[in-house]
1. Taking every DSSP beta bridge that has both residues in the stretch 170-323, what percent is antiparallel when rounded to the nearest 5?
2. Could you pull the Cα extents of the chain along its three principal axes, largest to smallest, in whole Å?
3. Just the number, please: percent antiparallel of the DSSP beta bridges in the chain, rounded to the nearest 5.
4. Net charge near LYS203: determine it from the other residues with C-beta under 13 Å of the C-beta of LYS203, scoring Lys and Arg +1 and Asp and Glu -1.
5. Tell me, what is the 1.4 Å probe accessible area of ASP174, in Å² to the nearest 10?
6. Seen from all sides and averaged, what is the projected area of the convex hull of the Cα atoms in the stretch 314-390, in nm²?
7. Picking from LEU123, MET183, ALA113, whose Cα lies most toward the positive end of the charge dipole for the chain (charges on Cβ: Lys, Arg +1; Asp, Glu -1)?
8. I need the semi-axes of the equivalent ellipsoid of the stretch 170-323: take the C-alpha gyration tensor, multiply each eigenvalue by 5, square-root it, list largest first in whole angstrom.
Amino acid sequence: MSIGIDKIGFATSKYVLNMSDLAEARGAEPEKFSIGLMLDALSITPISEDIVTLATSAAQEILTEQDKLDIDMVIVATESGIDQSKAASVYVHSLLGIQPFARSFEMKEACYAATAALNYAKLHVATKPDSKVLVIASDIAKYGIGSAGESTQGAGAVAMLVSSNPRILSFNDDNVAQTRDVMDFWRPNYSTTPFVNGIYSTKQYLDSLKTTWTEYQKRNDTDLKEFAAVCLHLPFPKLALKGLNKLMTKELPEENKAQLLANFERSIVYSRKVGNIYTGSLYLGLLSLLENSETLKAGDKIGLFSYGSGAVSEMFSATLVDGYRKMLNPSRLSELDERQPLSVADYEKLFYEEALLDENGTNTFANYKTGNFRLTGIEQHQRIYTKNDN
Ligand code: CAA
């Protein structure tokens with residue numbers, strides 16, 4: 001039985017910050033961002049958009065009423081959770097109207113957890129072939145005004161429906177994971193932004209890639225020639241390109257190199273315009289590849305490298321199935337271009353606005369643009385979500 005991704009959806013905020021404006025405001029050369037990081041813009045969320053609204057909008061894009069009856073597990077993977085106790089997936093389950101006899105929970109390990117969630121979903125469907133699992137990677141990446149990481153912020157959610165006989169891609173049972181205890185990026189409970197050893201984190205990413213890939217090749221007796229494309233976690237596209245270049249040895253034929261590099265370009269089209277979305281970044285890369293590559297075809301094998309600081313990494317692969325293009329959204333690029341550009345001053349006001357609660361733990365938020373769902377406010381410390389009429 002083949003198990004894999006049957007549908008994939010994406011949501012991001014309605015506001016965008018252009019990197020050229022950020023460069024000017026911070027006294028940096030625009031090429032540092034456009035060439036040095038390979039980033040053109042960052043999605044910026046207002047206070048009324050959070051990981052729940054993003055996750056729910058991404059899932060609503062793909063789910064039918066029948067899917068909502070078939071789903072018996074909802075997993076939200078995130079590293080920007082909104083509650084230490086209640087899982088974001090419980091809100092998502094309720095807002096989407098998924099049938100009640102479902103298991104809903106949250107998973108965390110920096111940018112890696114969605115990969116563990118997909119693997120758990122695969123194991124679940126293997127035992128219950130009629131069930132469907134909704135896996136959503138949802139995050140808001142916020143490093144702070146003027147911080148080194150400011151240029152690699154972003155926000156978004158990728159929703160994936162895992163089922164038997166999937167219509168986009170099937171997972172190959174070849175996963176190899178690696179755990180190493182390092183302090184490259186972490187966010188203690190008392191801090192709203194992460195602590196980052198930036199350069200060290202890039203070294204950990206690249207070394208985890210090299211060592212996990214070596215072990216993956218050994219255990220699966222494979223090499224890069226078998227892959228039509230490799231998608232890598234995208235904290236910023238330039239790091240992933242460095243990673244891909246490390247995998248492409250001198251022995252790899254030029255035609256394979258050319259194909260991998262061309263498909264890499266297709267895999268970063270969306271991230272260049274959205275920035276880092278942490279857990280969803282790898283899967284936004286996959287979505288970008290599938291929706292923008294003209295050369296991929298059914299039967300092609302795609303390698304996926306997941307990295308979460310701390311650090312856990314995993315290498316695995318999936319194979320495209322017949323008719324996968326019919327399950328995609330050809331107008332996503334133009335939808336991204338509809339976001340409202342922000343001045344740097346407005347970005348600073350919007351992105352860092354904090355909920356000022358009264359003595360009852362209550363506040364109502366301004367009517368910012370959001371996707372299909374909105375955090376309208378907090379009442380007695382409870383988050384209040386509504387569905388927009390659009
Ligand atoms: N023209 C072209 N390129 C230029 C340039 C110019 N005018 N000016 C600078 N550059 C290049 C630099 O040479 C450099 O490229 P190389 O690395 O190839 O040499 C690149 O632009 C970036 O320059 P800096 O290293 O000086 O940039 P920085 O000080 O802003 O730091 C960063 C970059 C460390 C990644 C920082 O953005 C950061 O800390 N980001 C957050 C952490 C992160 O994303 N880590 C990634 C691995 S961890 C992970 O993957 C998990 C996760 O999602 C967070």
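1. If I count the DSSP bridges inside the stretch 170-323, around 80 percent turn out antiparallel.
2. Here the Cα extents, ordered largest to smallest, are 65, 53, 41 Å.
3. 75
4. Net charge around LYS203: +2.
5. For ASP174, solvent-accessible area is about 10 Å².
6. Convex hull of Cα atoms, orientation-averaged projection: 9.6 nm².
7. LEU123
8. Semi-axes (√(5λ), whole Å): 26, 18, 14.
The values are calculated or read from the model by the stated rules, or taken from the named source; none is laboratory data. Fair warning: this is a prediction, and the values are worked out from it, not measured in the lab. A quick note on method: Cβ atoms are made from the backbone with ideal geometry, for glycine too, and the neighbour counts reach across all protein chains shown. Heads up: the accessible areas ignore ligands, DNA and RNA and are worked out on the full protein's heavy atoms, side chains in. Shrake-Rupley method; radii C 1.70, N 1.55, O 1.52, S 1.80 Å.
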